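The values are calculated or read from the model by the stated rules, or taken from the named source; none is laboratory data. These figures come from a predicted structure and were not determined experimentally. Every residue, glycine as well, gets a Cβ built from its backbone with ideal geometry; the counts of neighbours run over all protein chains shown.
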Amino acid sequence: MAHEEGQQHPIKIYLWIWLLLFVVSFFSYMVDYMNIQGFWRPTLILIFMFVKAGFIIAIFMHMQWERIALKLAILGPPAAILVLIWLMALEGGYIEDTRVDYYGESTFEPQAPPHH
C-alpha cells in the first residue's frame, strides 16, 4: 500500500476565498454603516457570519477535502446543539404565553434600593 505524503492545494483557491471573505466582511460592515434596523439587522449579520464561517471551515480548515464521516463527526454536534437551542426557544415562548394566559400580565415594577 502506497503512503501519500501531504497533498498541496493551489494557492489560487486560498486567495479567492480570502478575497470573498473581504467582500462578505464589507457587506457585513455596510449593515452597520447604513444603520439598518429591525428584523433585517440581526438577520443579515447572522447570514454574513455563517457565510464567512463556512468559507473558513471549508477551505482554511480543509474540511472540503475530508471524508463525510469526519465532517459529520465535527459538524454534527454543533448542528444538534443549534436544534436543541431552537427547541428551547420555542418552549420558552409557549411557557411565557401560558403564564400570561393563566396569571395575566405582570404589574411588578422594580424599585431602586434605598441609599444609606
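Given (1) exposed (fewer than 10 other Cβ atoms within 10 Å of the Cβ); (2) farther than 30 Å from K12 by Cβ; (3) modelled with pLDDT of 80 or more, where does S106 come up short, assuming only one miss? Every listed condition holds for S106 apart from (3).
Of the candidates V24, V100, the single residue that is among the aliphatic types (A, V, I, L, M) and touching a Phe, Trp or Tyr at 6+ places or on another chain (Cβ under 9 Å) is V24. Within segment 45-84, the residues that satisfy the criterion of being more than 16 Å from the chain's Cα centre (by Cα) and in a helix (DSSP H, G or I) are I59, F60, M63, Q64, W65, I68, A69, L70, K71, L72, A73. For segment 36-55, residues that are among the charged types (D, E, K, R) and loosely packed, with under 10 Cβ neighbours inside 10 Å total 0. Within segment 58-89, the set of residues being surrounded by fewer than 10 Cβ atoms within 10 Å (Cβ to Cβ) and of a type in the set (D, E, K, R) comprises R67 only. Does at least one position in segment 26-34 carry a residue that is surrounded by 13 or more Cβ atoms within 10 Å (Cβ to Cβ), out of contact with any Asp or Glu (no Cβ under 9 Å at 6 or more places or on another chain) and not hydrophobic (A, V, I, L, M, F, W, C)? Yes, segment 26-34 contains a residue that is surrounded by 13 or more Cβ atoms within 10 Å (Cβ to Cβ), out of contact with any Asp or Glu (no Cβ under 9 Å at 6 or more places or on another chain) and not hydrophobic (A, V, I, L, M, F, W, C).
Checking the conditions here, which among E105, E96 is of a type in the set (D, E), assigned to a helix (DSSP H, G or I) and over 20 Å from the mean Cα position of the chain (by Cα)?
One residue alone meets the criteria, E96.
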